[in-house]
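Let me begin by presenting the structure, written as C-alpha cells, before commenting on it.
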Amino acid sequence: VTDTKQRNKHVSISINRRRWLKFKGLKRGYYSFITIVAVYGISFLLPVLINSKALVVQYEGEYYFPAILDLIPGASSYYPGTKFGQDVPGEANYRNLKKEWESGTDNWLVMPFYPYNPYEDITTEGNKMYEAPSRNHWLGTDNTGRDVFARLFYAFNISISFALILTLINYLLGITIGGAMGYFGGKFDLLTQRVIEVWSSLPMLFVIIIMSSILRPSFFLLILIYTMVNWIFLTYYMRAEFYREKAKDYVSAAISMGQRNHIIIFKHILPNSLV
C-alpha cells in the first residue's frame, strides 16, 4: 500500500485535471456549481412540472397528453375546449376541467405539480392582476395577471441558456481568430487587425436598430447582436497570449520535431494560453 501511494505521488496528471481538482477544493464554488447545473437540467422538464396543461387526460375512453407534447419540438399540444365538452372558445382550461370532472363523471385528468404557465394572463378565467402570494399563486401575479413563480423558473432556463450559448460562441470566435493571428502572424495578422478595427468602428447601435427592423426579434437574433460586439476583446487577448507562448522554447522544440501546426496550437499553446 505504501509503495502504491509513493507511485501515485509521482504520477503526472494533465493540466485540465489539475484545474478540476483545484476547483473541487473550493467547496463553496464547487457545490454552487453542482446546484446550478442540477437546477438547470431540471428546468428542461418544466413543461411537465410547471404548466397549465394536463399531463394526461382521459376523456370518453381516449387519452391525451398535452403537457408531455410540449417536450417534443414541433409537436402540437393544442386542444380546443370543445374537444373536452367545454363551451368556451380557444384552448381547453384544464384546471376548470379538473373541477368539473371531480364528481359524477368517468373522465379524469392529472395536472402538473404547479398548474400554471408563465404566459396565461387576465384573459384566462380566474386570473387577476397584482394578486398577493397565496396557495394558488406562490409568488403572486404581475400587472397582466401572469404567475410570477412560473415566469421565474422559465426565465431561469432562458437566461442560463442564453449565457451559455453566447459565451461558447464568443470563446470559439475569440480563440480561433485571436489564436490564428498570434500563431501565424505576418500579413494574416495585419489584415485581420485592420478588419477588426473597421468592424469595431461601426456604429453598433444603428446596426442593431437596422437588424431588428429587418429581422424578426428572437432568442437567436439577440445572441447574434451580442456576439457582434463581444468577441473582439477576447480575440486581442488570445492574440497576445499566442504571441507570448510562441516565443517559448517548448514551441520551438515542437516545431523542430516536425509537429503539425494544429497539434502545436491545440495541444501545446492553447492550454497554456488559458491559464
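The table below lists the values:
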| read-out | value |
| --- | --- |
| Lone unmet requirement of (1) within 30 Å of the chain's Cα centre (by Cα); (2) free of Cβ contacts under 8 Å to residues at least 12 places away in the same chain for GLU91 | (2) |
| Filter result (more than 27 Å from PHE153 (Cβ to Cβ) and surrounded by fewer than 12 Cβ atoms within 10 Å (Cβ to Cβ)) within the range 69-104 | ASP87, PRO89, GLU102, SER103, GLY104 |
| Where VAL48 falls short, out of the listed (1) in a helix (DSSP H, G or I); (2) β-branched (Val, Ile, Thr); (3) surrounded by fewer than 15 Cβ atoms within 10 Å (Cβ to Cβ) | (3) |
| Scope the range 1-31; condition modelled with pLDDT of 85 or more and exposed (fewer than 10 other Cβ atoms within 10 Å of the Cβ); matching residues | LYS22, GLY25, LYS27, ARG28 |
| Which listed residue, of TYR237, TYR183, TYR226, TYR243, is part of a helix (DSSP H, G or I), in contact with a Leu (Cβ under 7 Å, 6 or more places away or on another chain), on the phi < 0 side of the Ramachandran plot and surrounded by 11 or more Cβ atoms within 10 Å (Cβ to Cβ) | TYR226 |
| Selection count where residues are assigned to a helix (DSSP H, G or I) and surrounded by 14 or more Cβ atoms within 10 Å (Cβ to Cβ), scope the range 143-175 | 19 |
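Residue-by-condition table, conditions (1) in contact (Cβ under 8 Å) with a residue 24 or more places away in the chain; (2) polar (S, T, N, Q); (3) closer than 17 Å to GLU120 by Cβ; (4) outside any helix (DSSP H, G or I):
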site: VAL37; (1), (2), (3), (4): no, no, no, no
site: GLY41; (1), (2), (3), (4): no, no, no, no
site: LYS53; (1), (2), (3), (4): yes, no, yes, yes
site: TYR63; (1), (2), (3), (4): no, no, no, yes
site: ALA67; (1), (2), (3), (4): yes, no, yes, no
site: PRO73; (1), (2), (3), (4): no, no, no, yes
site: SER77; (1), (2), (3), (4): yes, yes, yes, yes
site: THR82; (1), (2), (3), (4): no, yes, no, no
site: ASN96; (1), (2), (3), (4): yes, yes, yes, no
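The values are calculated or read from the model by the stated rules, or taken from the named source; none is laboratory data. Given the structure is predicted, the values throughout are model-derived calculations rather than measurements. Using ideal geometry, Cβ is built from the backbone for each residue, glycine included, and neighbour counts are taken over all protein chains shown.
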